[in-house]
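Please read the structure below before turning to the comments.
Laboratory data are not the source of any read-out in this text; all were calculated from the coordinates shown. It should be emphasised that the depicted structure is a prediction, and the values quoted were computed from it without experimental measurement. FYI the Cβ positions are ideal-geometry reconstructions off the backbone, even for glycines, and counts take in every protein chain you see.
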Amino acid sequence: MKNKKLDAIQIWKQFEDYMVPRLELSVVDRAVYSHLVRHSRLEGKLRLSFSMAWLARGTRLSTGGVRPAVRQLIAKGALRLVERTKAGHVVEVKLPEDIRGCQGMVGSGPGCSPRGVSLEETDFWETKALREAIHERERGRCFYCLGRVTGRTRCLDHVVPQVQMGSNSYRNLVSSCMECNAQKGEMPAEDFLRWLCRERRLTSAELADRLRKLDALAAGELRPVLPALPHQSTVGARFSASQSASSFANPLPRKPRPTYHPENLGAFSRPGNRR
Ligand SMILES: [Zn+2]
């Protein structure tokens with residue numbers, strides 16, 4: 001294998017935009033992978049021989065922390081183990097485009113989505129498949145009230161409303177139940193979440209979690225997986241936005257959620273903001 005001329009900017013974009021969500025890499029996995037790439041591929045070397053102590057020092061982590069990350073990266077195909085000796089590991093460090101679970105992401109060139117635009121530039125309102133990617137990210141729950149939604153009871157909501165120049169970016173679109181979509185209206189999302197808590201539709205711990213998720217969304221940390229082309233592998237193609245269960249109880253009893261019949265939901269929908 002020849003070490004072709006690399007474009008570090010594109011590698012970094014592929015790593016952040018596709019490899020991390022598709023392989024579901026943790027923060028430690030990311031630190032370890034980027035340190036290994038830095039000292040192998042960016043130095044023109046395919047292989048790298050290293051010890052866990054060296055890796056731990058370089059990533060400012062413990063050896064107990066980096067060891068499972070190396071194991072994970074090997075299991076996910078980001079590293080190929082060539083040799084393991086007492087002195088350490090010899091691995092071949094794969095670039096995102098060479099990793100099986102990420103192939104196809106760069107259909108029209110490194111750093112590009114199958115449609116040839118970056119994740120940041122993608123209009124997620126544009127096609128059904130892209131809208132579906134947002135719904136999938138929320139895993140069948142309303143982003144706001146955490147209620148279960150189905151294909152018939154969900155819609156996409158602009159966190160910052162379109163009238164306030166909110167975009168169709170994955171950072172501004174969430175899957176929501178129709179009731180929340182209608183009730184939120186042009187209210188800031190943070191105020192709406194607090195209102196849901198006052199209405200006892202969210203516990204205080206759920207509210208804290210939702211506010212954190214709102215920040216993560218705006219920071220671009222909740223990336224949906226772009227729809228795959230037919231030839232693409234689906235290995236690891238599900239981004240898991242953690243919907244952590246709350247460990248603190250709201251002192252007030254939780255109000256039961258009303259049940260809705262799909263036919264009644266028309267009353268909640270706002271045509272301009274529903275798909
Ligand atoms: Zn809701």
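Once you have a ≥ b ≥ c as the square roots of the Cα gyration tensor eigenvalues for the range 2-77, tell me rounded if a/c is under 1.5, and otherwise prolate or oblate according to whether a/b is larger than b/c.
Verdict is oblate for the range 2-77.
Pull up all non-local amide H partners of V82: gap of 5 or more, or a different chain, and H-to-H distance under 5 Å with H placed in the peptide plane.
Amide H neighbours of V82: V90, V91, E92.
Among the GluC sites (Glu not before Pro) in the range 1-84, which ones are in a DSSP loop with at most 16 other Cβ atoms within 10 Å of the Cβ? Mind listing them?
The qualifying sites are E24.
If you plug each phi of the range 18-30 into the Karplus form 6.51 cos²θ - 1.76 cosθ + 1.60 with θ = phi - 60°, what whole-Hz ³J(HN,Hα) values come out, in order, with x for Gly and Pro?
10, 5, 4, x, 5, 8, 6, 7, 7, 4, 5, 4, 5
Quick one: which of 120-133, 214-227 comes out on top by average Cβ neighbours within 10 Å, and what's the full order, highest first?
214-227, 120-133
Taking every pair of alpha-carbon atoms in the range 125-223, give the share separated by more than 18 Å as a whole percent.
That fraction is 41 percent.
I'd like the Karplus ³J(HN,Hα) series for the range 91-98: coefficients 6.51, -1.76, 1.60, θ = phi - 60°, whole numbers in Hz, and an x wherever there's a Gly or Pro.
Whole-Hz 3J(HN,Hα) from phi for the range 91-98: 10, 9, 9, 8, 7, x, 5, 9.
Going highest first, how would you order 65-77, 44-56, 170-182 by mean Cβ packing within 10 Å?
170-182, 65-77, 44-56
Work through the residues other than S169 whose Cβ is under 12 Å from its Cβ and net out their charges, Lys, Arg +1 and Asp, Glu -1.
The answer is -2.
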